[in-house]
1. Go ahead and estimate [θ] at 222 nm for the chain from helices alone: -39,500 (n - 2.57) per DSSP H run with n ≥ 4, summed, over the residue count, rounded to 500.
2. In which sequence would His369, His330, His42, His170 go, from the one with the fewest C-beta neighbours within 10 Å to the one with the most?
3. Students often check this: by mean Cβ neighbours within 10 Å, which of 218-226, 287-295 ranks highest, and how do the rest follow?
4. Ala189: net charge of surrounding residues, Cβ under 13 Å, Lys/Arg +1, Asp/Glu -1, itself excluded?
5. Could you work out how far the C-alpha centroid of segment 335-386 sits from that of segment 231-300, in angstrom?
6. Could you list Ser378, Ser349, Ser164, Ser268 in order of exposure, starting from the residue whose Cβ has the fewest other Cβ atoms within 10 Å?
7. When a footprinting reagent is the concern and you count Cβ atoms within 10 Å, what order do Lys270, Lys134, Lys72 take, fewest first?
8. Summing Lys, Arg as +1 and Asp, Glu as -1, what charge do residues with Cβ under 12 Å from the Cβ of Phe319 carry, Phe319 excluded?
Amino acid sequence: MSTSPTRIRNPWSWVPSSYLAEGIPFALVIWVAGTMLKDLGHSDGEITMATASVGIAWSLKPFWAAFLDMFKTKKFFVLWMEVIMAVLLCGIAVALPLPNYFQITIAVLWVMAFASATQDICVDGIYITSLDEKGQAKYIGVQGVFWNVGRLFGTAAVVWLAGSLKEDHHLGATEAWQWAMGFSAATLALLAVYHRFMLPTGSVSERPESVGLAFRNFWEAIVDFFKKDAIWGMLLFVFLFRSSEGLLLIEGPLFLQASPDLGGVGLSLKDKGLIDGTIATAVSLSAGLLGGVFLSKFGLNRRTIVFMALCLNIPHVCFVVLSQLAGPGHTLSFWTVAALVTVEKFGYSFGFVANMLYMMQQISPGRFHMTHYAFANSIMNLTLVPTQYISGPLADHVGYKTYFIIVMVAAIPSVLGAVFAPFPRKVDGAAAVGTGRH
């Protein structure tokens, strides 16, 4: 049983900022940390094996998601996680000049990942419990867009700042990244202040009288989750949807940064940040919004989800093209790289929306809505961990040209998963109705 929030705010006042705050730490942990470590002289294999393991935190969310709803409020945890992450980023900045900075940075990233995962659970909980199904469908594109803005903030603004400090102000790599981490920390701190006043509380569940009852409720949430109609088919779809993305997630940016002598593109930090922060940003924003509009108009059904799976995966061919063109003695123009990367980002942002709405409206509804959404999200992220982990060593072993062909082959299960995705639940509301067929 839950109660409605006492005050409903205009979703535009908090949906964009809350998903921006979700995307920033994920980007810093998964992408920016790798870029930073690459710039500081570490190999692809060393980076992906260290940073991919950190991603496990997002896959363990179900183990504490149910308990977050039992103490304090969702807003309470969101605010504190944002403050803690700001402090942790300051910690990385302080540690970078130390001899053992690599080990310290990875340890801090682990803690930051758990804080970010906790924030994700509660932001999603606020979204689900503050909006009805029509509202969820209406703002799902906004949610995806601003999560990607957070991602782009890290991969564009933070990386560009580090590059500018190196190239224009002649700072050393370590000092430049110290300032970049401090800038990230200040951004999260400001978002925490804003959310203190603008973020809804979200519904408050009926709370258990004892720890034993809390564990019993958690077990009930697990049992209830696996009793859902067509649950194994739905989970297989969620697991497979991003099967090739994990191979591209960390390794793609490292390839763009790698020297042409090693088969990479050889982008500078400033150029890398500029591509992500200008054309690609605008395209990703419009693609996410178009994805939401597309689903609102045509509904979430088997045909639309297959189409969006193709949109998510086919643009990976852009990295195949880049890897075939790049190499020793082959300097690619800035605009060639920008155009191909932008096409890939458009497809990703457009197609990604389908997976989020599928989990929200097919898997998670019921008594344990927030907890079950966290379960589905975690399974979705779980497929990224092993693929990210092997991406660096595999690319080092076979070379970039062969590696990105492997990425394209790995996209096949994603499309097949969409073809056979079950739709056991008919969603009310014209804006989000699918065919509802098994």
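Quick note: the coordinates plus some simple rules give every number you see, no bench work behind them. Remember, it's a predicted structure, so these values are computed and weren't measured experimentally. Using ideal geometry, Cβ is built from the backbone for each residue, glycine included, and neighbour counts are taken over all protein chains shown.
1. -22500 deg cm²/dmol
2. Details: His369 19, His330 12, His42 16, His170 9.
Ascending number of Cβ neighbours within 10 Å: His170, His330, His42, His369.
3. Values: 218-226: 14.8, 287-295: 21.6.
Top of the packing list down: 287-295, 218-226.
4. So the environment of Ala189 carries a net charge of 0.
5. First find each Cα centre; the distance between them is then 11 Å.
6. With the fewest neighbours first, Ser378, Ser349, Ser164, Ser268 line up as Ser268, Ser164, Ser378, Ser349.
7. Details: Lys270 18, Lys134 15, Lys72 12.
Result, fewest neighbours first: Lys72, Lys134, Lys270.
8. Details: positive: Lys345, Lys401; negative: Glu245, Glu251, Glu344.
Summing Lys/Arg as +1 and Asp/Glu as -1 gives -1.
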